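A.B. asks: Below is one structure. I have some questions about it.
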Amino acid sequence: MNLLPWQSSHWQHILKQSKNGTIPHAYLFNGVDGLGKTIFAQYLSNYLLCDSRNAADQPCGECKQCKLFDADTHPDYKFICPEEGSSLLKVDVIRSLVDFFNRSSMQGGKKIAVLAPAEALNHNAANALLKTLEEPASNSIIILVSHNSGQLLPTIRSRCQVMDFSIPPISLSKK
């Protein structure tokens, strides 16, 4: 999995945060559908879980953490989307996420969850998530991917570091 060319400025910002030790407990990746925000969120998750990032500041792809991530079996990573046949993220899914964050890391590092699309949270799920955003577990990171963050509760948006993804110029999108 690689980043898309138009995501390099976002990636450089995150690398700076990582090197400074200022990665927030929650991100909100916002922008129209089709910009690769979910790919970016997964790449970031892999990067943060990797034990041996390479010289180019990329996940190594070889360590145990990367192999678990690539096999979709990493015990400290969750990707949450609406169940098949539903367009909503329901409260039970968020409650299981809260339980996931309350347990110790299986690999001794960070615990990361990606929710996509975040605007699919129903009212009860949004309120359950808000509690987790207000009182994050240590070494936990939640990444919300949104195609329309205006549909999210303002209190959810305010507890996340927002990164807006814009439509790339045609010259970058052809690469």
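A.B. asks: Among residues belonging to the stretch 4-40 that are β-branched (Val, Ile, Thr) and over 25 Å from Glu135 (Cα atoms), point out the one that is surrounded by the fewest Cβ atoms within 10 Å (Cβ to Cβ).
C.D. replies: In this case the residue turns out to be Val32.
A.B. asks: Something else about it: Out of curiosity, is Ala126 of a type in the set (A, V, I, L, M, F, W, C) and over 20 Å from Ile23 (Cα atoms)?
C.D. replies: Considered against the rule, which asks whether it is of a type in the set (A, V, I, L, M, F, W, C) and over 20 Å from Ile23 (Cα atoms), Ala126 comes out as yes.
Quick grid of which residues meet (1) closer than 20 Å to Asn2 by Cα; (2) among the hydroxyl-bearing types (Ser, Thr, Tyr):
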{"residue": "Ala26", "(1), (2)": "no, no"}
{"residue": "Gln42", "(1), (2)": "yes, no"}
{"residue": "Pro59", "(1), (2)": "yes, no"}
{"residue": "Phe69", "(1), (2)": "yes, no"}
{"residue": "Thr73", "(1), (2)": "yes, yes"}
{"residue": "Ser86", "(1), (2)": "no, yes"}
{"residue": "Asp92", "(1), (2)": "no, no"}
{"residue": "Ser96", "(1), (2)": "no, yes"}
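A.B. asks: Related question: Checking Glu135 against (1) over 18 Å from the mean Cα position of the chain (by Cα); (2) more than 25 Å from Leu35 (Cβ to Cβ): exactly one of these is not met. Which one?
C.D. replies: Glu135 satisfies all of (1) over 18 Å from the mean Cα position of the chain (by Cα); (2) more than 25 Å from Leu35 (Cβ to Cβ) except (1).
Residue by residue, here is whether (1) in contact with a Cys (Cβ under 6 Å, 6 or more places away or on another chain); (2) part of a helix (DSSP H, G or I); (3) under 16 Å from Ser146 (Cβ atoms) holds:
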site	(1), (2), (3)
Trp6	no, yes, no
Gln12	no, yes, no
Lys16	no, yes, no
Lys19	no, yes, no
Thr22	no, no, no
Asp33	no, no, yes
Phe40	no, yes, yes
Ser52	yes, no, no
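A.B. asks: Between a residue in the stretch 133-158 that is closer than 18 Å to Ala41 by Cβ and any residue that is among the acidic types (Asp, Glu) and open to solvent by 60 Å² or more (accessible area, probe 1.4 Å), which pairs come within a Cβ distance under 7 Å, given they are 6 or more apart or on different chains?
C.D. replies: Final answer for the pair search is His147/Asp33.
A.B. asks: So which of Gly21, Gly36, Gly31 ends up being without any contact (Cβ under 8 Å) to a residue 24 or more places away in the chain and of a type in the set (Gly, Ala, Ser)?
C.D. replies: Details: Gly36 fails: without any contact (Cβ under 8 Å) to a residue 24 or more places away in the chain; Gly31 fails: without any contact (Cβ under 8 Å) to a residue 24 or more places away in the chain.
After applying the criteria, what remains is Gly21.
A.B. asks: Residue by residue through the stretch 64-91, note down the ones that are modelled with pLDDT under 95 and either touching an Asp or Glu at 6+ places or on another chain (Cβ under 7 Å) or among the charged types (D, E, K, R) (or both).
C.D. replies: Listed by number, the residues that qualify are Glu83, Glu84, Lys90.
A.B. asks: Do any helices (runs of 4 or more DSSP H) entirely within the stretch 57-175 hold 3 or more residues that are surrounded by 13 or more Cβ atoms within 10 Å (Cβ to Cβ) and of a type in the set (Val, Ile, Thr), and if so, which?
C.D. replies: Correct list: 91-102.
The values are calculated or read from the model by the stated rules, or taken from the named source; none is laboratory data. This one's a predicted model, so the numbers in the text were calculated from it and none came from an experiment. Every residue, glycine as well, gets a Cβ built from its backbone with ideal geometry; the counts of neighbours run over all protein chains shown. Just so you know, the surface numbers come from the protein's heavy atoms only, side chains and all, with ligands and any DNA or RNA stripped out. Shrake-Rupley method; radii C 1.70, N 1.55, O 1.52, S 1.80 Å.
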